[in-house]
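So the structure is just underneath, and the comments pick up after that.
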Ligand code: NCD
Ligand code: ZN
């Protein structure tokens, strides 16, 4: 049995830089037609020169693959309209991080004073630049995202024309917010569709499943599954594939991030099949919805998956992927660049 996906998109992707970029870019560029590239480098991507240079490094790393890096800028409330106009054509979105909430986010926003953010957000709204948000407060780890929903709602009503994407949502509460505000959208990862906190910390600790936001309760996962499997038009796939070297994960002080790029489509194919969700829904979740939300035209690419066991490698260039050493039921059979 085989399944064809057209131009799959990964709308939340960490490609890193330097050696890591060179080593892992292929894992996404082979099977995806494009990805929204996160800007949390050290230092974060925050000028036109940095975006252009980073994009060129990515294009070099992916070589001959058909893959569009949709670039993002690291949000700062100092960006004014003139600056945003000058970068408009180089970016697909701007990513906002609360200060210090996750990997390399120290230069992010603290306090969420709407008046302080207003000039930048109004200019983004006028220029049609979407705002992607890592929505977590610095409260108790299991409550961070749910607490942030109030901030999402405040932003959504203060800037009704600004497209706001709640990144990597993990809670029922965020799912419910989607239908309350026209301008709220969301990405969902594959790992948050597959696991709960029990899989991370319920038995022996699994550092390779540790990420921000942390996986939540079964009822939260159920809520995510409902909207993903139905391809709710306001949700799209964003892997949040976030590679860290093996030593940074298997250490005391484990870095947050799950590396899913090489297995994401195979696992989604299995998940949709198992739950009786159609190929059309999967296609919408991994491409069609993002295309409409971001108003992008992905490069043509045809990914053929087949129901044949795939033993996930233990390592990809020093990075341990999700399901390392385990067998998953779908494999990538062929990829055609073009129609
Ligand atoms: C991401 C990373 O490592 O860059 N980590 C993660 O746990 N998801 C950052 C992020 O998206 O929060
Ligand atoms: Zn991320």
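Since every read-out is calculated from the coordinates, none of them should be taken as a lab result. The structure displayed is predicted, hence computed values, not measured ones. Here the Cβ is made from the backbone with ideal geometry for all residues, glycine too, and neighbour counts use every protein chain on show.
Listed by position, the helices (runs of 4 or more DSSP H) enclosed by segment 262-315 that each have at least 2 residues that are over 15 Å from residue 35 (Cα atoms) and out of contact with any strand residue (DSSP E or B) (no Cβ under 8 Å at 6 or more places or on another chain) are 264-274, 279-283. Checking segment 216-234 against the condition returns no match, with no residue being under 27 Å from residue 152 (Cα atoms), within 13 Å of ligand 1 (Cβ to nearest atom) and touching a helix residue (DSSP H, G or I) at 6+ places or on another chain (Cβ under 6 Å).
Applying the condition of being touching a residue at least 60 places away in the same chain (Cβ under 8 Å) and more than 13 Å from the chain's Cα centre (by Cα) to segment 9-31 and asking which residue is nearest to ligand 2 (Cβ to nearest atom) yields 16.
Within segment 42-57, the set of residues being within 16 Å of ligand 2 (Cβ to nearest atom) and either closer than 16 Å to residue 132 by Cα or part of a helix (DSSP H, G or I) (or both) comprises 44, 45, 54.
For every residue, the table says whether it meets (1) within 16 Å of ligand 2 (Cβ to nearest atom); (2) over 30 Å from residue 19 (Cα atoms); (3) touching a residue at least 60 places away in the same chain (Cβ under 8 Å).
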{"site": "232", "(1), (2), (3)": "no, yes, no"}
{"site": "243", "(1), (2), (3)": "yes, no, yes"}
{"site": "246", "(1), (2), (3)": "no, no, yes"}
{"site": "266", "(1), (2), (3)": "no, no, yes"}
{"site": "295", "(1), (2), (3)": "no, yes, no"}
{"site": "299", "(1), (2), (3)": "no, no, yes"}
{"site": "305", "(1), (2), (3)": "no, no, yes"}
{"site": "314", "(1), (2), (3)": "no, no, no"}
{"site": "319", "(1), (2), (3)": "yes, no, yes"}
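Across segment 136-170, the number of residues qualifying as closer than 21 Å to residue 218 by Cβ and part of a strand (DSSP E or B) comes to 1.
Scanning segment 113-131 for residues that are more than 10 Å from residue 79 (Cα to Cα) and without any contact (Cβ under 8 Å) to a residue 60 or more places away in the chain yields 113, 114, 115, 116, 118, 122, 125, 126, 127, 128, 129, 131.
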